[in-house]
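> Below are the C-alpha cells for one structure; questions will follow.
The values are calculated or read from the model by the stated rules, or taken from the named source; none is laboratory data. For clarity, every value in this text was computed on a predicted model and none was experimentally measured. Don't worry about glycine lacking a Cβ; one is built from the backbone with ideal geometry, like all the others, and counts go over all protein chains shown. Surface areas here come from the heavy atoms of the whole protein model, side chains and all, with no ligands, DNA or RNA. Shrake-Rupley method; radii C 1.70, N 1.55, O 1.52, S 1.80 Å.
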Amino acid sequence: MSEALKLQEDRTSVSEQAYQYVRSLILAGDMSPGTVFTERKLAEQLNASRTPLRTAITRLIGEGLVERLSNGTMVIREVPLDELLQIMVIRRQLESEAAAQAAVKAPPGAAAEILAETRSVIANPVAELEDFWNYDDRFHVFVAEGSGMPLLAQMIRGIRDKARMCHVVRMERNFSEQAAEHLKVLEAIDQRDADAARAMMIEHTDRVRARFLRWFAGG
C-alpha cells in the first residue's frame, strides 16, 4: 500500500471516529442545542489533527445536527417547533409504510424478541430515560429494517435523530403507555396484517406528535 493511500485511510478512520463521537454526544443530550465547539477543541479531545475532522463536521452540518456560524464557530443546532412538526409529518408517512412493509416482508416470528421486550416494558416500566431510549431505538430499528427497504430504513434513522434532539431533557416518563403503542404495531406485524400495522404506526406517530407539543409547551 502506498503512503498516500495509507494516509487517506487513516484520515477517513479519524473522521469516522469524530463523526460518531460528536453525534453520540448530541443524541445523548451531552451536547445540548446551542452548545458551541471548535475544531481545535474537538481535535484536542480526540488527539487528532483538524484536517480529517472537517469531513466529520461537514457530515454533521449536512444532517442538520450542527450549524456553522458566520465566524466559523460550530454550534449544536436547535430544531425549531415548525421544523419538528414537519419532521413528524414525514415520520408519519415513512414509518407507517415501513410497518406495512414489515408485516409483509419480515420473516415469520421475527418480531418475537422485540415483542417480549415490549411486554416486559409495559409490565415493568424502565426507570431510566437512557434505558427506554435504547429500547425505543430497537423497536423503531426493527420496524424500519423489517421493511426490507434499506433506503427507507436509512431515511427513518436520520429523521428520528433530528426529532430526538428536541426533547431528551423534557421527555415524558410514561414509558409503559408508549410501549403499549409499540405493542399494537408489533402485534399487527407479527400477524402479517399490513393495513393494521400501518394504522397502528400512524396512531403511534400522532401520539408522539402530541407529546412533542406538550414538551414544547412545558406541559
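> Which residue pairs have Cβ atoms under 9 Å apart, sit 6 or more places apart or on different chains, and have a first residue in the range 24-44 that is assigned to a helix (DSSP H, G or I) and modelled with pLDDT under 80 and a second that is surrounded by fewer than 17 Cβ atoms within 10 Å (Cβ to Cβ) and small (G, A, S)?
I26/S32; E39/G72; A43/S49
> Note down all Cβ pairs under 8 Å where the first residue falls in the range 102-114 and is within 19 Å of E181 (Cβ to Cβ), the second is basic (K, R) and part of a loop (DSSP other than H, G, I, E, B), and they're at least six residues apart or on different chains.
A103/R192
> Please count how many residues of the range 38-60 are over 23 Å from the mean Cα position of the chain (by Cα), closer than 18 Å to S70 by Cα and hydroxyl-bearing (S, T, Y).
1
> Also, I was wondering about something else. Hey, does the range 53-69 have a residue that's open to solvent by 60 Å² or more (accessible area, probe 1.4 Å), under 30 Å from R192 (Cβ atoms) and part of a helix (DSSP H, G or I)?
No, the range 53-69 has no match at all.
> Does L7 satisfy being open to solvent by 40 Å² or more (accessible area, probe 1.4 Å) and at pLDDT below 80?
Answer is yes for this residue.
> Give the range 123-142 a look and list any residue that's among the aliphatic types (A, V, I, L, M), touching a residue at least 40 places away in the same chain (Cβ under 8 Å) and outside any helix (DSSP H, G or I), or say none.
V126
> Please give the number of the condition R214 fails out of (1) modelled with pLDDT under 90; (2) more than 15 Å from F132 (Cβ to Cβ); (3) in contact with a helix residue (DSSP H, G or I) (Cβ under 9 Å, 6 or more places away or on another chain); (4) surrounded by fewer than 16 Cβ atoms within 10 Å (Cβ to Cβ).
Only one criterion in (1) modelled with pLDDT under 90; (2) more than 15 Å from F132 (Cβ to Cβ); (3) in contact with a helix residue (DSSP H, G or I) (Cβ under 9 Å, 6 or more places away or on another chain); (4) surrounded by fewer than 16 Cβ atoms within 10 Å (Cβ to Cβ) is unmet by R214, namely (3).
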